[in-house]
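For reference, the structure is listed below as structure tokens.
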Amino acid sequence: MISFLRRLAGTWPARIFFAALAAAFVGWGISGKTNLGGGDPTTVATVDGRPITAGMFDLAFKEDMAQAAQRFSDPTQVPPALRREVAAQTLERLVTEQALDAEATRMGVAAPPAAIQDGITAIPAFQGVDGKFDHDTYLRVLQQHNLTPQRFQDDMRMQVTKDQILKAVTAAAHPSDLLTGLLFGTLFETRRADLVQIPLTSHPAPPAPADAVLQRYYANNIARYTAPEYRRVKLVVLSPDTIGRGLKLTDADLHAWYDAHKAEFQAPEKRSLQVITAGSAETANALAASWKAGATWDAIAANAKTRGATTTSLDNTTKEAIPAPELAAAAFAAPLNVVTGPVTEPLGFQVVRVTQITPAKHPSYEDLRDTVRTRLGEERALDVIDTRAQKLQDLFAGGNRIDEVPADLGATGAEGTLDADGNTPEGSRAPIPAADKARAQIVADIFKTQKSDSVQLTEGPDHVWYAIAVQDVIKAAPRPFASVRAKVLADWQADQVRHAAEPAAAKLLATINGGQSITNAAWGSGLQVTRTPPQLRNKPTPGVPPDLAQLLFTMKKGEATMVETNNGFVVATLADITKPDPKSQPEELDQVRRALTKSISDDLLVSYGTAVRDSAKPVVNQKVFDQFAQPASE
């Protein structure tokens, strides 16, 4: 019931409060005393003298467990450790709620009846089809959750009371202008670098050395040339797909299924758009002319901003999803990559360019016949798969081998050799007749099964049943030098090229550190200097190696560094540092302020929650708690 109330009526301070407390106290446990035994067997804990009864805890714990179990395909298989963790979180929340109630009583905080009434009538779950509070709906929803109106109103009263306290706590969450400015300056500072690429391709591969050299390289890097463990197996798979392929389906069956499901395969035309919205025809025409003359989208966006216009991109949108009918009509009539407009509509004047067109899909029955056959077969197979799985299990229990499975069961067999990644010795994907999830489980089980194990039928994901017989285990072993000589030669040559490129990069770096500019040093080496786009902290920029991007924000202007990439080496100097201007980036500044406000609010709520809990001196009845936290089988 408490979880139900929280979902229906939880206000933002309360939601933040309990989420922050959960993050702060998970794994830490309830503060206060623990009663290891004895005490009231109907009480899980007491808070400021108030009991948390076993009934209260049981109801809240069941709701929390139901949510936790949703992540498991079989809700009955929740790990014991998770059950105990959920129990601890439930108790922590109930203790905190009781502590807040006690604090509200001490402070004399009360909920006005009007506020309770307004809170209830505003809950969407209690509203009728007209969007207004409906008393019959209200009573029906409460009945579904075994609640009386009086009980719900009492809990709403506590909710509103606690909300008043928590709002007062978070009211002080205002970051100073100094702190906001410092964080804004850190996050939106940009840096650019001048860099020189020294690619591996600029150094020719050396000729092949004597075999003795390659054999020594092979021995020193033997892990590269070691074959993984392989297993030769026989397996049989019974699934909706394998059964469905053998079912007899008439043309009438197929046509009926297509008629019922054809909407799944149809899709309207979609387009990706770039749109300018201007307040005047003059501005729209000027921007359109610049765009038609070849200006880039980034340049257009910058120009539009200075003129008070806005730009936006719509990706893969339908005609109906565009809010302005005039723009929708123009955009879906425009050719690809042609600037169209201005279009006059209520929001102003809009110019549009279509950057991508995804044609509509209206496949016919003939287009989808194979798909229809497969899908209908799988649906019909679900009606018989359990019965056939039982027959298959009975066969194995009676001593039958995998290759003795009757064809009329609809199972499919497979035989071959594979590694733990599901690949054959030739490097191709092993042809296991199962989709991704089931295939992964089958491969994993192959490498858990021993040669001596009896054949067992196992149920996997998506109604897939399978059985495995391991024929042989081929242990991991180095491949013979002769069989991998070509790869050894290629690896040796690649290492030699990298060893040749590294001194060249180091020499360039030393020249720069010796006082020359990167431009002069590169010119003397016949290399080209490029300047990177502005780089934000912790935000990737195309063309800037990630390792270099991190280093740039630790360097001084003019300082040089060198990083290794997959394709060679990069030598760079920090060219400039641009501090952000709050006046020209008001949205970004507000974003930082909001993030800081939330962070401070969370900190205040956690600190307040800790203080309230400590002052309430909670005492846990460990024996009663353990009865809930441990599964009945333990």
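The values are calculated or read from the model by the stated rules, or taken from the named source; none is laboratory data. Because the structure is a prediction, the values reported are computed rather than measured. Cβ sites come from the backbone with ideal geometry, for glycine too, and all protein chains shown count toward neighbours.
Worth pointing out:
- Residue, farthest from L91 (Cα to Cα), within the range 53-71, restricted to residues that are assigned to a helix (DSSP H, G or I) and touching a strand residue (DSSP E or B) at 6+ places or on another chain (Cβ under 7 Å): A54
- Residue list for the range 529-546, restricted to those being closer than 23 Å to H203 by Cβ and either surrounded by 14 or more Cβ atoms within 10 Å (Cβ to Cβ) or modelled with pLDDT under 90 (or both): V529, G543, P545
- Count of the range 328-362 residues which are within 34 Å of the chain's Cα centre (by Cα) and either assigned to a strand (DSSP E or B) or surrounded by 14 or more Cβ atoms within 10 Å (Cβ to Cβ) (or both): 12
- G413 being closer than 23 Å to D472 by Cβ, out of contact with any Gly (no Cβ under 7 Å at 6 or more places or on another chain) and surrounded by fewer than 11 Cβ atoms within 10 Å (Cβ to Cβ): no
- On inspection, T374 passes the criterion of being of a type outside the set (K, R), in a helix (DSSP H, G or I) and either under 33 Å from the mean Cα position of the chain (by Cα) or within 30 Å of H255 (Cβ to Cβ) (or both).
- Checked against (1) surrounded by fewer than 20 Cβ atoms within 10 Å (Cβ to Cβ); (2) modelled with pLDDT under 85, L166 passes all but condition (1).
- Matching residues in the range 189-246 - criterion: being more than 30 Å from T387 (Cα to Cα), out of contact with any Pro (no Cβ under 9 Å at 6 or more places or on another chain), of a type outside the set (G, A, S) and assigned to a helix (DSSP H, G or I): L200, T201, D211, V213, L214, Q215, R216, N220, R224
- Sole residue being surrounded by fewer than 20 Cβ atoms within 10 Å (Cβ to Cβ) and aromatic (F, W, Y), chosen from Y218, Y225: Y225
- Cβ-Cβ distances below 9 Å connect the following pairs, each with a first residue in the range 292-316 that is in the same structural domain as L273 (by TED's automatic domain parsing), a second residue that is among the β-branched types (V, I, T) and part of a helix (DSSP H, G or I), and a separation of six or more residues or different chains: A304/T283; R307/T283; G308/T283; A309/T283; T311/I300.
- Flag if G558 is assigned by TED's automatic domain parsing to the domain that holds T96, among the small types (G, A, S) and either surrounded by 14 or more Cβ atoms within 10 Å (Cβ to Cβ) or without any contact (Cβ under 8 Å) to a residue 60 or more places away in the chain (or both): no
- In summary, helices (runs of 4 or more DSSP H) completely within the range 74-186 and bearing 1 or more residues that are farther than 30 Å from Q630 by Cα and of a type in the set (K, R) occur at 80-107, 135-144, 149-170.
- Flag if R353 is touching a residue at least 12 places away in the same chain (Cβ under 8 Å) and not assigned by TED's automatic domain parsing to the domain that holds A295: no
- Candidate set: the range 492-528, residues that are out of contact with any helix residue (DSSP H, G or I) (no Cβ under 9 Å at 6 or more places or on another chain) and in a loop (DSSP other than H, G, I, E, B); chosen: the one nearest to I222 (Cα to Cα): G526
- Residues that are at pLDDT below 95 and either within 21 Å of T530 (Cα to Cα) or among the basic types (K, R) (or both) within the range 195-219 comprise L195, V196, Q197, I198, P199, L200, T201, S202, H203, listed in sequence order.
- Among residues of the range 375-390, those that are surrounded by 15 or more Cβ atoms within 10 Å (Cβ to Cβ) and either charged (D, E, K, R) or under 12 Å from W465 (Cα atoms) (or both), counted: 6
- Scanning the range 263-284 for residues that are touching a Phe, Trp or Tyr at 6+ places or on another chain (Cβ under 8 Å) and either assigned to a helix (DSSP H, G or I) or free of Cβ contacts under 8 Å to residues at least 12 places away in the same chain (or both) yields a count of 3.
- Close pairs (8 angstrom Cβ cut-off, 6 or more residues apart or separate chains): within 19 Å of L604 (Cα to Cα) in the range 169-189, at pLDDT 90 or above and outside any helix (DSSP H, G or I) anywhere: none
- Number of residues in the range 302-313 that are surrounded by fewer than 19 Cβ atoms within 10 Å (Cβ to Cβ) and outside any loop (DSSP other than H, G, I, E, B): the value is 7.
- Scanning the range 508-528 for residues that are of a type in the set (S, T, Y) and at pLDDT 90 or above gives T511, S517, T519.
- If the condition is being under 15 Å from I123 (Cα atoms) and surrounded by fewer than 14 Cβ atoms within 10 Å (Cβ to Cβ), then the range 140-157 contributes R140, P149.
- Applying the set (1) within 27 Å of Q197 (Cα to Cα); (2) loosely packed, with under 12 Cβ neighbours inside 10 Å to N520 leaves exactly one unmet item: (2).
- When the range 526-572 is filtered for residues that are among the β-branched types (V, I, T) and either more than 24 Å from G515 (Cα to Cα) or touching a Leu at 6+ places or on another chain (Cβ under 8 Å) (or both), the ones remaining, listed by number, are V529, T530, T532, T541, V544, T561, V563, T565, V570, V571.
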